[in-house]
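Structure first, then comments.
Where a number appears in this text, it was derived from the coordinates with a stated rule and is not lab data. All values derive from a computational prediction rather than experimental measurement. When we count neighbours, we look across all protein chains shown, and the Cβ atoms used for this are built from the backbone with ideal geometry, even at glycine.
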Amino acid sequence: MGINHIFRFSLIGSIALVCATIAARSTIAAERNEATVTQIINDVQLRPTGAAAKAAVLNDNVPDGTAVQTGMDSRTELTFSDQTLARLSANTVFSFNKGTRNLDLAEGAMLLQVPKGAGGAKITTAAVTAAITGTTVIVEYHPHAYIKFMSLEGTARLYLKRRWGESVLIRPGQMLITNPDAKGGLPDPVDVDLERLLKTSLLIIDFPPLGSQNLIAKESEKQQRAKSKRTLIDTNLVIFGKGTLVSLTNPVQPNAAAPAAVASAESRSAAIPSSTDLGTIQTPPNPQSTPNRLPAGSYAADNPR
């Protein structure tokens, strides 16, 4: 065989190998930029860009840019190729770009679990952005009403879009609530009762166990040890399900009161037809409220339904 023939076959083989590599990378990129519907409860709609909405069915592929919308008393779960899970609560509108790298929560609530080693993810709302890596979080957002952000395990950092450099680190078992229209900075996070949340959140109990369930349980055990040492104290002030209204479950502390900023946020959000599917939130006795802040203490999450 002549040298020219050998060179020609070698060149053709190299081109074929390059094309196959490019095709494989394109396929992997496409898989990373889409999710699969793995759980459906009641009414779930897929709204592709420039196309009519359709009812979601199990194993539907959800491509980049397609909005997912849940109806009343409805929930769904999306699974990405890196095993990241996004569980959407009732009355939620959610979409994503570049797979798990940029998740947009237009309204409603979601649980997001990013496995360790899966890379980072960014949750975006109109007011704040959250950067997470190897973390399980719950986020609720309603425009002009409130943002509720909770870390079940792992850490996350919350940024204000309108204030460069303004951020807060949310540690495991902590929650932050703020008014998205507030002109001040972000408040300090408070502790959340993880044991109660695991038993009551519909985003947990209505679905199969999370891959991070053991990690969340370990964080809950840390809280129980802190309670036994009295460094973390349970109280009787709670938030039930959706919203930010603080209620008194056992009126034994007449001086305890709901923070003014929280009550104000709830009055603005009373007409929002949504449920966080979360649970309860407890504040310490005699909380000292400040504008746009919740007092520090032990919180939980119960759903009233």
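Normalised by residue number, the volume inside the convex hull of the Cα atoms of segment 115-224 is 104 Å³ per residue.
Exceedance of the 29 Å cut-off in Cα-Cα distance is limited, within the set Lys98/Lys199; Lys54/Lys183; Lys116/Lys161; Lys122/Lys222, to Lys98/Lys199; Lys54/Lys183. Near Ala127, once Lys and Arg are set to +1 and Asp and Glu to -1 for all other residues with Cβ below 11 Å from its Cβ, the sum equals +2. Converting phi to 3J(HN,Hα) with the Karplus coefficients 6.51, -1.76 and 1.60 and the offset θ = phi - 60°, segment 115-130 yields x, 4, x, 8, x, x, 9, 10, 9, 10, 10, 5, 10, 9, 10, 10 Hz in sequence order, with x at every glycine or proline.
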